[in-house]
Amino acid sequence: MRTVWIILDSCFRRNDRGRLTYDGEVKCNADFRNTFERSNTMKRCVLGIVLAAMLLPAAFCQEPGPEDFERQMQMREREMEVQGRQAKMEMDRRMAELELAKRKMELAQLEKAHRRGPGPLLLLVIVVVHILAAVWVYKDIRQRACGSGLWVVIALLAGLLGTLVYAVVRLGDGEKKRA
């Protein structure tokens, strides 16, 4: 750096007013010119970088205007609409899952009822058949005027089997009377 000042002192002189002026008589060598040009190029680059650093943030950091605010509001509204649709779709999906679970439970109950068999209906039919068989045995005993109430109890408890035994015994009694 010191050589540059020496060269500058040899090329420039102070005039009466104290300003530096170029002395045409002193010839500056090539080293000075190269150094001077490099120095100017460097100054221009630094100046350009400083200006860019000062102007770029101003270009990108502008305060939002009314258009930007409206655009942001529209974007927020659209985001909220999308979130609402997603929430509705999620709710519909869960409702469908619940409906499917409900149908599976109903199907399981029907299968369980089917596996149990006819259940109460069959029991009701059997009780009715036992009662009807007991009533037939009772009427037959009263009509023939022979026999005991024991056959009615047997027909009531044993059902068709007890009634069949009564009918066989009665046929046997009828053959004894004929003979």
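Points to keep in mind about this one:
- Efficiency of FRET between residue 135 and residue 110 - r from beta-carbon atoms, R0 41 angstrom, step 0.05: 0.65
- For residue 110, net neighbour charge (Lys/Arg +1, Asp/Glu -1) across residues whose Cβ lies under 15 Å away: +4
- Taken over the alpha carbons of the stretch 98-160 as equal point scatterers, the Debye sum produces base-10 log I(q)/I(0) values at 0.18, 0.19, 0.20 Å⁻¹ of -0.70, -0.73, -0.77.
- Taking other Cβ atoms within 10 Å as a rough exposure proxy, 39, 148 sort from fewest to most as 148, 39.
- Ranking of 165, 152 by count of other Cβ atoms within 10 Å, fewest first: 165, 152
Quick note: the coordinates plus some simple rules give every number you see, no bench work behind them. If you're wondering where the values come from, they're calculated on a predicted model, not measured in any experiment. Here the Cβ is made from the backbone with ideal geometry for all residues, glycine too, and neighbour counts use every protein chain on show.
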